[in-house]
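Read through the structure below, which is laid out as structure tokens, and then see the notes.
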Amino acid sequence: MNGKPTCSLYPTIVTPFFEDGRIDYESLSRLVALFARAGLDGVFAVCQSSEMFFLDDEEKLELAAFTLNECRKHGLKCVVSGHTQDALDDQIKYLKRLEALKADAIILVNNRLAAKNEGEDRLLSRLNAILDALKPDTRLGVYECPYPYKRTISDELLDAMLKDGRFDFVKDTCCHSEMIRHRLSKLAGSNIALYNANSATLYESIRDGARGYSGIMLNIMPEVFVRFAQSVAGGDASKAQLLSDYIAVTSVIEYQNYPANAKYILTRRGIFSNAITRNGKPPLTESQIKEVDAFMAMNKLMLSKL
């Protein structure tokens with residue numbers, strides 16, 4: 001890539017709930033404010049971390065509108081999804097309503113464009129129907145969402161995005177450096193920025209030309225990622241590598257009952273009132289709580305040494 005690398009940061013924001021399942025907007029407001037204070041660049045709202053598959057369309061649209069408004073108050077960018085519907089007509093109906101909110105980009109979920117047993121022709125046909133239904137000035141993105149099944153972003157999809165001209169954002173979850181380099185080579189010279197969701201390959205992908213990080217760990221330790229991004233932008237390769245190694249090691253916490261663990265951390269920080277989820281998983285165990293407490297102590301120590 002040309003010039004000094006930089007790393008923009010877009011958390012896949014989690015949703016706070018009351019005990020009765022309603023969205024806790026006061027806690028959400030505090031979370032957006034935390035991201036702004038920490039120095040993040042934007043927010044990816046109504047995504048899998050937000051438990052979008054466990055919200056109805058009205059809740060998703062309300063959540064999108066609120067998060068957009070809070071981000072605008074704090075000068076943050078905000079891209080939004082909630083693209084979980086199965087039927088194409090339902091997808092278009094929802095996306096047109098989402099479009100009216102004027103987010104910085106509407107993020108399409110690639111596995112909603114075709115079933116697991118369907119080919120890329122089916123995916124591209126559905127994509128074209130959606131593109132025809134949306135306004136020509138609406139900015140778009142694609143999310144390689146791993147749920148309910150992982151569908152790899154294909155070269156055919158990237159080519160369609162490049163041809164359309166409305167796409168700005170790719171949330172990459174392939175977790176594979178060579179594949180990321182291939183995608184970056186195809187996107188080179190376009191307006192489409194690739195955001196890596198994988199901590200272990202993040203620094204390498206930034207050096208290869210990725211725009212930044214959009215992932216789980218920004219809910220858990222945003223300040224560490226800001227230090228990393230500052231080191232990258234400042235050309236301090238040794239510090240950036242140290243932080244990259246720390247991020248990669250600690251990212252194993254992603255696999256420990258997320259997003260309940262992230263919500264527990266945010267509760268400890270005084271941002272959320274509880275760690276309730278709507279994904280049907282059990283709450284954190286005593287052992288998991290002790291592990292997360294130890295992680296928080298280690299993280300505080302790490303930040304004090306930087």
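The values are calculated or read from the model by the stated rules, or taken from the named source; none is laboratory data. Bear in mind that the values here come from a model prediction, so they are computed numbers and not experimental data. Every residue, glycine as well, gets a Cβ built from its backbone with ideal geometry; the counts of neighbours run over all protein chains shown.
Which ones in the range 248-269 are in a helix (DSSP H, G or I) and basic (Lys, Arg)?
Across the range 248-269, the qualifying residues are Lys263, Arg268.
Please go through the range 271-306 and pick out each residue that is in a helix (DSSP H, G or I), of a type outside the set (A, V, I, L, M) and loosely packed, with under 11 Cβ neighbours inside 10 Å.
Once the filter is applied, which keeps residues that are in a helix (DSSP H, G or I), of a type outside the set (A, V, I, L, M) and loosely packed, with under 11 Cβ neighbours inside 10 Å, the range 271-306 yields Glu286, Ser287, Ser304, Lys305.
Taking Arg122, is it under 30 Å from Tyr258 (Cα atoms), more than 16 Å from the chain's Cα centre (by Cα) and not aliphatic (A, V, I, L, M)?
no
State all residues of the range 259-270 that are surrounded by 11 or more Cβ atoms within 10 Å (Cβ to Cβ) and farther than 19 Å from Gly21 by Cβ; if no residue qualifies, say none.
Asn261, Ile265, Arg268, Arg269
Could you please tell me which pairs satisfy a Cβ distance under 8 Å, a separation of 6+ or placement on different chains, a first residue in the range 80-95 that is at positive phi, and a second residue that is of a type in the set (D, E, K, R) and outside any loop (DSSP other than H, G, I, E, B)?
Partner pairs satisfying both residue conditions: Gly82/Asp57; Gly82/Lys60.
Is it the case that some residue within the range 194-211 is touching a Cys at 6+ places or on another chain (Cβ under 7 Å), at pLDDT 95 or above and under 18 Å from Val43 (Cβ atoms)?
no
Can you tell me which residues in the range 18-51 are of a type in the set (Phe, Trp, Tyr) and buried (at least 21 other Cβ atoms within 10 Å of the Cβ)?
Correct list: Phe35, Phe44.
Tell me which helices (runs of 4 or more DSSP H) are completely within the range 1-114 and hold 2 or more residues being of a type in the set (Ser, Thr, Tyr), or say none if there are none.
25-38
List the residue pairs whose Cβ atoms are under 6 Å apart, where the first residue sits in the range 279-290 and is touching a residue at least 24 places away in the same chain (Cβ under 8 Å) and within 21 Å of Ser50 (Cβ to Cβ), the second is aliphatic (A, V, I, L, M) and surrounded by 13 or more Cβ atoms within 10 Å (Cβ to Cβ), and the two are 6 or more positions apart or on different chains.
Leu284/Ala260
If we only count helices (runs of 4 or more DSSP H) wholly inside the range 135-247, which ones have 1 or more residues that are within 14 Å of the chain's Cα centre (by Cα) and surrounded by fewer than 22 Cβ atoms within 10 Å (Cβ to Cβ)?
Filter on the range 135-247 gives 222-234.
Run down Gly215, Gly234, Gly209 and say which single residue is over 19 Å from Ser199 (Cβ atoms) and not polar (S, T, N, Q).
Gly234
Name the one entry in Ala103, Ala65 that is crowded, with 21+ Cβ neighbours inside 10 Å, closer than 25 Å to Ser29 by Cα, of a type in the set (Gly, Ala, Ser) and in contact (Cβ under 8 Å) with a residue 12 or more places away in the chain.
Ala103
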